[in-house]
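We did not get these values from a lab; they are worked out from the coordinates using the rules stated. Note that the structure is a prediction, hence the values are computed from the model and not measured. Positions of Cβ are backbone-derived with ideal geometry, glycine not excepted, and every protein chain shown enters the neighbour counts.
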Amino acid sequence: MNSRDLARRRWTSSERRIVWRGLTGRFALAIEPLLGTIFMALLTWGIVYRAHHVPSDATLIKVAWIFALGAVVFAGYFIAVLVAPLVAYVQTFAPIFIADGYVRYREPDERSRPDACGYAAVLLADRAVAGEWEWLGSRRLFNATIPALVEFSRYGIHKIDGKSTGLLPDEELPLLAIGIATRHGRRADL
């Protein structure tokens, strides 16, 4: 599939705001490893400074590496917590593709996650696969192909025939996206 051949649209400000709220919520969680990084780095700096400026404490430098390692571990944790939401937010500047083709549903297979109910794929008019995603929901999907006007991005199908799939919530997210953990993925109840 050549994505340049597909119709596209920009993310709306409300769609981008939903992803931004998710990012700010994740950043609120990342405050802990950020503070840990700063604390451990300051301890390392303080030990090295004291070892170089107070002759009687010169042997303290031997323990500085422990705190430096702690700072590196906390920094890695901070980065790990923020990578996925940062990538998702950057993706909101890429287009959402629109295809007048088909949606193909298929049953879960042996590689499916335990909570997945199957797969959904966007097929172009010539039945070429534009993308396929694991589908989460409460009902198991069965093998079916239906004609549809589909809006999708690299993260999944946003709308089928103008109806939201639940990939992005329809309502405004609460401050820092607190309370959305009770949602269990995309709806397969369309």
Local net charge near Thr92, Cβ-Cβ under 10 Å (Lys/Arg +1, Asp/Glu -1): +2
q = 0.11, 0.17, 0.27 Å⁻¹, segment 96-168: log10 I(q)/I(0) [Debye, one scatterer per Cα]: -0.23, -0.57, -1.33
Residue exposure sequence - Glu32, Glu15 - by fewest surrounding Cβ within 10 Å: Glu32, Glu15
Rg and Dmax [Cα atoms of the chain; Å; Rg one decimal, Dmax integer]: 23.5, 79
Residue of Ile160, Ile146, Ile96 that the Gaussian network model of the chain assigns the largest fluctuation, springs spanning Cα pairs under 10 Å: Ile146
Exposure rule at most 15 other beta-carbon atoms within 10 Å, DSSP loop trypsin sites (Lys or Arg not before Pro): the chain longest free segment: 11-110
Helix 13-53 axis, angle to the chain major axis (alpha carbon atoms, nearest 10°): 20 degrees
Per-residue HN-Hα couplings for segment 123-138 [Karplus 6.51, -1.76, 1.60; θ = phi - 60°; Hz; x = Gly/Pro]: 10, 6, 4, 8, 6, 6, 7, 8, x, 9, 9, 5, 10, 9, x, 9
Positive-end residue, segment 1-83 charge dipole about Cα centroid, Cβ charges, pick of Ser13, Trp45, Ala68: Ser13
Cut-off under 5 Å, modelled amide H: who pairs with Cys117 long-range: Trp135, Leu136, Gly137
Exposed chymotrypsin sites (Phe, Trp or Tyr not before Pro) absent - longest run of the chain, DSSP non-H/G/I/E/B, at most 14 other C-beta within 10 Å: 1-92
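What Kirkwood hydrodynamic radius, in Å, does segment 1-97 give when the mean of 1/r is taken over all pairs of distinct Cα atoms and then inverted?
Computed over Cα pairs of segment 1-97, the Kirkwood hydrodynamic radius comes out at 16.5 Å.
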